[in-house]
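I have placed the structure first, in the form of structure tokens, so that the comments after it can refer back to it.
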Amino acid sequence: MKRALAIADRAALESLKLLVALNAVFFLSFLIVLLLAMGRAHAEAPACAGADLLSALQKEDPAAYARIETEAAATLNGKGLLWKLEKSGEKPSFLFGTMHMTDPRVTTLPPAARKAYDAAGTIIIETTDVLDKQKMMEAMLKEPELMMFTDNTTLSSLLSPEDAAVVNKGLDARGIPPASVSKMKPWLLSAMVALPVCEVARQAGGAPVLDVKLAQDAKALGKPVEGLETAASQLHAMASLPLAFHIKGLVETLKLGDKINDINETMIVLYQRGDTGTFWPLLRSISPDEDEDAAGYAEFDQTMITGRNKVMADHAAPILAKGNAFMAVGAMHLPGPEGLVEDFRKAGYTVTAVD
């Protein structure tokens, strides 16, 4: 496979994993923005820039592009954002895949999803903790060891001299003094630099990501809003991944620099197309050491996606049993044999994609 494209960089692989994590952990982007915004004036959000890397790949390496498309097409339930859930004796409900971003292309619901949302009696999101800043702060302060080193460990003590130079240079470029984050766990710092600057600025300025917008609009209309997880459970999931995984992700993401904008744009384009089954084939195709990464993929997927799918399905069951609900969760949770679409089928629902 050609390496001419930025998407073929090792750094792109690690950054895509982090962006997948951001779109799998609803609470995470709020935590990052909160930390970055502390003590800072909110500047006007810079314009977002970025190119669709898959379109470039299609032109420069059609064979590689075709392999990704073929694997994506074979992904169970890998096409579609809106799914109708039907079971005898219940009013139909809907499952909708979100992207935890503020981009207008994301926050504007497709017509069918808008219709289902407007008609729903109850709105379900991943966690309602994000609607209460006090709860967010409580989640952060209750278990500080999840996010900060509480012993003598510092970030620099975990890095080689070469990696430390990369990290310091990358943080300086982001306007983050390395000394100010020396006690921060690498997974949290990785997530901070994996978000495009324009997205951080929009969120810090008060623009809601899609999930929050759905919840806020529902509350304004007097509709109940239910959550499936807590902020703490999401933090535990992210923090439980191996420290080496997070350090590697931090270094490689900072190497990527402004290319993060291209990766973000690619994910938005895939999301608009409803191609939820393309994310993992894309990751696998660009890995130069696929065998080496296999265990990492499996652990990441189990911790951040599959394991949480079961929790979401279980917690959603009594809410869905009441009927006429609109359940909005990260789109990465929908596809695959252990995705939420299949989980609800196993729970006795007829689940149908809605165009």
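Computed from the coordinates by the stated procedures, all read-outs in this text should not be read as laboratory data. What you are looking at is a predicted structure, and each value in this text was computed from that prediction instead of being measured. We place every Cβ from the backbone using ideal geometry, glycine too, and count neighbours over all the protein chains shown.
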Packing rank of 209-215, 320-326, 68-74, where each peptide gets the mean count of other beta carbons within 10 Å, highest leading: 209-215, 320-326, 68-74
query: Residue by residue through region 204-217, which ³J(HN,Hα) values in whole Hz follow from phi under the Karplus form 6.51 cos²θ - 1.76 cosθ + 1.60 (θ = phi - 60°), with glycine and proline marked x?
result: 5, x, x, 5, x, 6, 3, 4, 5, 4, 4, 5, 5, 5
- prompt: By a straight-distance test (C-alpha under 20 Å), which lysines pair with Lys322 as possible cross-link partners, with residues fewer than eight away in the same chain excluded?
  reply: Lys84, Lys87, Lys91, Lys115, Lys219, Lys223, Lys310, Lys346
field: Compactness of region 96-255 - radius of gyration and Dmax, Cα, Å
entry: 18.3, 57
statement: The simple spin-label model distance between Gln216 and Ala317, using points 7 Å out along Cα→Cβ, in nm, is 3.5
- request: Arrange the following residues from fewest to most other Cβ atoms within 10 Å of their Cβ: Ser156, Ser88.
  value: Ser88, Ser156
task: Enumerate the lysines that Lys183 could reach by cross-link, defined here as Cα to Cα under 22 Å, with residues fewer than 8 away along the same chain left out.
output: Lys142, Lys169, Lys248, Lys255
- prompt: Quick one: Cα centre-to-centre distance for region 137-180 and region 204-238, in angstrom?
  reply: 27
statement: region 206-355, convex hull of Cα, quarter of hull surface, nm² -> 11.2
query: Contour minus end-to-end for Ser182 and Gln272, with contour as 0.36 nm per residue of separation and end-to-end as the Cα-Cα distance?
result: 28.6 nm
Nonlocal amide H pairs with Thr98, under 5 Å, H built at 1.01 Å: Val329, Gly330, Ala331
statement: So the FRET efficiency between Lys169 and Gln58, C-beta based with R0 = 22 Å and rounded to 0.05, is 0.10
message: Students often check this: by mean Cβ neighbours within 10 Å, which of 224-231, 104-111, 273-280 ranks highest, and how do the rest follow?
response: 273-280, 224-231, 104-111
